[in-house]
Amino acid sequence: MLLATPALAGGTLQGRLVTLNTLTYDDPAQPLLESRGQTVRVDDGIEFGMGPEGGQNGLDVVPVTIEILPNRIEIGYETGAGSFWPATFNGYVLRFAADCALFTAAHVDAATTTMAVSDADLRVTNNAIFINVAGREFGPKAHLAIDLAVSECLLG
């Protein structure tokens, strides 16, 4: 007889459900732009490829690719170039499905990041990471890598 039990995540993001939104605000209660959420299960390869959605308040989603590795997020911009709108927050929110606090730390990998983003632009709250790229330049040479300390939450 086989028993079905959840597997241990082993400190990894592999196999987890994650939802991505882009978000822009000066006042979090009144977003200037909030994209439609996309939800996927983390696997091999690029998880998200977002592009313009039609815009809100004169703003729209910048084309981006996001790959999620076992304990790392890599962000790139294959098309387009410019600067992100300079708001209090303008960036990405990734929310992972987990029954406990999934992240214990997040750090920009300065050795492989070409964007002017630092650890001060990251905010971790239990199962979500907020990545603020407000005012930063993007384009085909722009790359952002974030290393994450991932706890061993059960994978449901």
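The values are calculated or read from the model by the stated rules, or taken from the named source; none is laboratory data. Because the structure is a prediction, the values reported are computed rather than measured. In this analysis, Cβ positions are derived from the backbone assuming ideal geometry, glycine residues included, and neighbour counts consider all displayed protein chains. Heads up: the accessible areas ignore ligands, DNA and RNA and are worked out on the full protein's heavy atoms, side chains in. Shrake-Rupley method; radii C 1.70, N 1.55, O 1.52, S 1.80 Å.
Within region 94-111, what residues put their amide N at less than 18 Å from the label point 7 Å along the Cα-to-Cβ vector of Tyr25? Only 94-96 fall inside the zone, counting backbone N under 18 Å. Applying a DSSP loop filter and a limit of 11 other Cβ atoms within 10 Å to the GluC sites (Glu not before Pro) in region 34-126 leaves Glu78.
Using the 1.4 Å probe convention, the accessible area of the chain works out to 51 Å² per residue with neighbouring protein chains retained. Projecting label points 7 angstrom from Cα along Cα→Cβ for Asp99 and Glu53 puts them 3.0 nm apart.
Taking 11 Å as the cut-off, the amide N atoms of region 110-152 that come nearer than this to a point 7 Å along the Cα-to-beta-carbon line of Arg72 belong to 110-113, 145-148.
Taking Lys and Arg as +1 and Asp and Glu as -1, the other residues whose beta-carbon sits under 13 Å from that of Leu13 total -3. On full extension, the segment bounded by Ala128 and Ile46 gains 27.6 nm, given 0.36 nm per residue less the C-alpha separation. Near Ala116, once Lys and Arg are set to +1 and Asp and Glu to -1 for all other residues with Cβ below 13 Å from its Cβ, the sum equals -1.
If you roll a 1.4 Å probe over the chain with all protein chains in place, what percent of the accessible area is carbon or sulfur? If you can, show how the numbers build up before the last one.
On the way: 4250 of 7990 Å².
Ligands and nucleic acids excluded, carbon and sulfur give 53 percent.
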